[in-house]
Each structure stands twice: as C-alpha cells, then as structure tokens.
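Asks: This structure is in structure tokens; I'll ask about it shortly.
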Amino acid sequence: MGKTQVFTTAQLEQSPIPEKEVHLVEGKHIQNKSGLRRVLICVHEDGTDDALDFYLDKIRNQSDQVLLLTVLPTSVYHPTPLLQYDPAEDLRLLRRMRKVKLEQLRAEAARVRAKGLMEPMIHLAHGEPGMVAYSVVDSYYPADLVVLNQRNLGIYQAQPWANGMHSNLVLAFSTCPVLIVR
C-alpha cells in the first residue's frame, strides 16, 4: 500500500496539522476475501449522510465491510487584512472539529452495526475531499464500490465547473464502480 496523498504542496505549507494527525483510522482492515465486498462510503463533513442512508436502505449486503470516510479541511482560518492568522488557534479549532466529527462517525458506525453488518472502519482525514477519497481507494482501502453524494456548493452551484466537483474527481479516476447519490 502506498502513502495516501492528502494535501497539495500549497496546503501542506499552510496547514498547522502535524503529519501524524492527518489521518485517523479506527477499526480492523480485513483483507479481501471471496464474497466480501468492501464499500467506501463518503460522509460529508457537514453531517449530510445521504450516501450512507441510500446504502443502508437500498444496496447493503450482509457480507459487506464498510469504511466510513470523512474529509475535514486543512484550515478553518480565512485570514483577512483585519484578522491575523494564528496557527495555534487554527490547530485547536481543527482538533475540536475532528473530535466532534469522530463522535458523529461513531454514531454512524453504530447505525451500520444495527443493520447486522460487520464492524465498520472509520477514516477521518484532512485535505481536499475528492483527492482524499480517490487516494484512499487507490492506495489504502481498495474498495469494490464507492458511495458518495453530490454536494450542493451553495453560491457556486450554478457554475458548471463546481457542481459535483469532488464526486466527479472520484468518478473519473476510481478503479472501482462509483455510485453518486443525488
């Protein structure tokens, strides 16, 4: 397995996150066995879980191993001329965000277990969502299926280049089937 790429060079230089904190993984990684389908489900950082809902309601299989992936930003600060960047405060806020999101992912994992599926893995990372999802599938967790939802980008949704940008990146480069929930 190769190392999962998460940041662009510019992000790495600006991010206060120590390299050892870029990825947080919980759960047991099961090697691919005959009849086992490994499913990567992308859960948005904002708590939107349409992809997980769709998977659990429509396409789950008792022999699936699920990996719940959430990608958080590399920085919560958006410096302006009036706001000086404080890396220590940025790191504190990112760690707090990660702690809250980890608890949410654990609750989502309980939903998966409640449906009778094996213990899901949790992967929490920092970076660009499309790039991280693709990299995780490509090098860390070779999935048989990726399930994600197309994100509403608010003011950018009218821009053709922005609509579904992350899901399109995963779709374009994934080596396994990708299911995009709308």
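Asks: For the range 114-154, take the convex hull of the Cα atoms, compute a quarter of its surface area, and give me that in nm², please. All intermediate terms of the calculation are to be shown ahead of the outcome.
Replies: Details: hull surface 17.5 nm².
Reported value for the Cα convex hull: 4.4 nm².
Asks: Could I ask something else about it? Which of rounded, prolate or oblate describes the range 35-80 when judged by the alpha-carbon gyration tensor and an a/c cut-off of 1.5?
Replies: On the way: a/c = 6.90, a/b = 2.53, b/c = 2.72.
It comes out oblate by the Cα gyration axes.
Asks: If we count every other residue with Cβ under 13 angstrom of Arg111's Cβ, Lys/Arg +1 and Asp/Glu -1, where does the sum land? All intermediate terms of the calculation are to be shown ahead of the outcome.
Replies: On the way: positive: Arg60, Arg106, Arg113, Lys115; negative: Asp49, Asp53, Asp57, Glu108, Glu119.
It works out to a net charge of -1.
Asks: Which sequence of Ile59, Ile122 reflects their accessible areas, 1.4 Å probe, from the largest down? Before the final figure, lay out each step's value.
Replies: Details: Ile59 50, Ile122 5 Å².
Order by accessible area, largest first: Ile59, Ile122.
Asks: Excluding residues fewer than 8 places away in the same chain, name every one of the aspartates and glutamates whose C-alpha is closer than 16 Å to that of Lys58.
Replies: Asp49, Asp50
Asks: On to the next question. At 0.36 nm per residue, and after removing the present C-alpha to C-alpha distance, how many nm does the segment from Val25 to Lys99 gain when stretched out fully? Mind showing how you got there, number by number?
Replies: Numbers: separation 74, 0.36 × 74 = 26.64 nm, distance 1.29 nm.
25.4 nm is the gain from fully extending Val25 to Lys99.
The values are calculated or read from the model by the stated rules, or taken from the named source; none is laboratory data. Just so it is clear, the model here is predicted, and its values are computed rather than measured. When we count neighbours, we look across all protein chains shown, and the Cβ atoms used for this are built from the backbone with ideal geometry, even at glycine. Ligands, DNA and RNA are excluded from the accessible area calculation, which covers all protein heavy atoms including side chains. Shrake-Rupley method; radii C 1.70, N 1.55, O 1.52, S 1.80 Å.
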